[in-house]
1. Output the number of residues of the stretch 151-184 satisfying the condition of being of a type in the set (Gly, Ala, Ser) and at pLDDT 95 or above.
2. I'd like the residue in the stretch 15-38 that is more than 17 Å from the chain's Cα centre (by Cα) and among the charged types (D, E, K, R) and, out of all such residues, is nearest to residue 100 (Cα to Cα).
3. Go through 80, 93 for me and flag whichever is touching a residue at least 12 places away in the same chain (Cβ under 8 Å), over 22 Å from residue 141 (Cβ atoms), surrounded by fewer than 13 Cβ atoms within 10 Å (Cβ to Cβ) and of a type in the set (A, V, I, L, M).
4. Show the residue pairs that are 6+ apart or on different chains and have beta-carbon atoms under 7 Å apart, the first residue being within the stretch 136-164 and under 19 Å from residue 183 (Cα atoms), the second being part of a helix (DSSP H, G or I) and of a type in the set (D, E, K, R).
5. Do we find that residue 65 is surrounded by 13 or more Cβ atoms within 10 Å (Cβ to Cβ), touching a helix residue (DSSP H, G or I) at 6+ places or on another chain (Cβ under 8 Å) and under 26 Å from residue 131 (Cα atoms) in this structure?
6. Spot the failing condition for residue 60; the list is (1) touching a residue at least 40 places away in the same chain (Cβ under 8 Å); (2) surrounded by fewer than 17 Cβ atoms within 10 Å (Cβ to Cβ); (3) touching a helix residue (DSSP H, G or I) at 6+ places or on another chain (Cβ under 7 Å), and only one is missed.
7. Scan 7, 13, 46, 20 and give me the residue that is farther than 30 Å from residue 181 by Cβ, in contact with a strand residue (DSSP E or B) (Cβ under 6 Å, 6 or more places away or on another chain) and either without any contact (Cβ under 8 Å) to a residue 40 or more places away in the chain or not polar (S, T, N, Q) (or both).
8. Quick one: which of 128, 105, 120, 96 is within 16 Å of residue 167 (Cα to Cα) and not in a helix (DSSP H, G or I)?
Amino acid sequence: MTRELNDLSGPFDPTLTFQDLSKEFLLKIMEVWQFAWIHMATAFYDVAREKYGIDAANQMQLEAWTRVGDKVNPRYPKIANIEMKTVLDSLKAAQLPLDNTMGNLYKAQYEIINENHVILTIPQCRSLRYYEREAPEMIDFFCHQLEVPMMQRYYINPKLTVKPLKVPPRSSPEEIACQWELKIEE
């Protein structure tokens, strides 16, 4: 019999598995995992910048994110049975990583022109809000230099092109965070 625990307020269970947790509890945990994932990357970057300087930290960040994208992200289409032929297939795959576009972290809007041409808009970005408030000098690297190679890894299909249409800085927090054109041309 499968349990559906909504919390762990009871006694310690050394045989606990994810299958024992309710969907609602797993969703709450996933939000914390998302925060941890982004915070780990930020903490690593901050330590690298303090120890080795901004140029070395930027290079490390770019290499780390692209390595994760190359190694981990191709697993998502396999477990989700996504064919990876179109831009829409790539968008489905990009919904699955922890730093995805379906949660509250980087919630996206889509203008689907056709299956191989989409305008992706991120109305509000938690990372950008943090950089605007705490580290505006980081906006150029993260939004202009890191984002395109990272998105190409997250969208997995090597035929897909990512073109920035609107990237920070922005003149007010009410403006959209960023906008991208995603295309596969035959």
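1. To start, the set of residues in the stretch 151-184 that are of a type in the set (Gly, Ala, Ser) comprises 171-172, 177.
Those still in the list that are at pLDDT 95 or above too: 177.
Of the residues in the stretch 151-184, 1 are of a type in the set (Gly, Ala, Ser) and at pLDDT 95 or above.
2. If we take residues in the stretch 15-38 being more than 17 Å from the chain's Cα centre (by Cα) and among the charged types (D, E, K, R), then 28 is nearest to residue 100 (Cα to Cα).
3. Result: 80 is the single residue among 80, 93 that is touching a residue at least 12 places away in the same chain (Cβ under 8 Å), over 22 Å from residue 141 (Cβ atoms), surrounded by fewer than 13 Cβ atoms within 10 Å (Cβ to Cβ) and of a type in the set (A, V, I, L, M).
4. Hits for this filter: 153/70.
5. Judged against the criteria, residue 65 is a match.
6. With (1) touching a residue at least 40 places away in the same chain (Cβ under 8 Å); (2) surrounded by fewer than 17 Cβ atoms within 10 Å (Cβ to Cβ); (3) touching a helix residue (DSSP H, G or I) at 6+ places or on another chain (Cβ under 7 Å) applied to residue 60, the lone miss is (1).
7. Step by step, each of 7, 13, 46, 20 is checked, and only 20 is farther than 30 Å from residue 181 by Cβ, in contact with a strand residue (DSSP E or B) (Cβ under 6 Å, 6 or more places away or on another chain) and either without any contact (Cβ under 8 Å) to a residue 40 or more places away in the chain or not polar (S, T, N, Q) (or both).
8. Values: 128 fails: not in a helix (DSSP H, G or I); 105 fails: within 16 Å of residue 167 (Cα to Cα); 96 fails: within 16 Å of residue 167 (Cα to Cα).
None of the other options fit; the residue is 120.
The values are calculated or read from the model by the stated rules, or taken from the named source; none is laboratory data. If you're wondering where the values come from, they're calculated on a predicted model, not measured in any experiment. Glycine also receives a Cβ, built like all others from the backbone with ideal geometry; neighbour counts cover every protein chain displayed.
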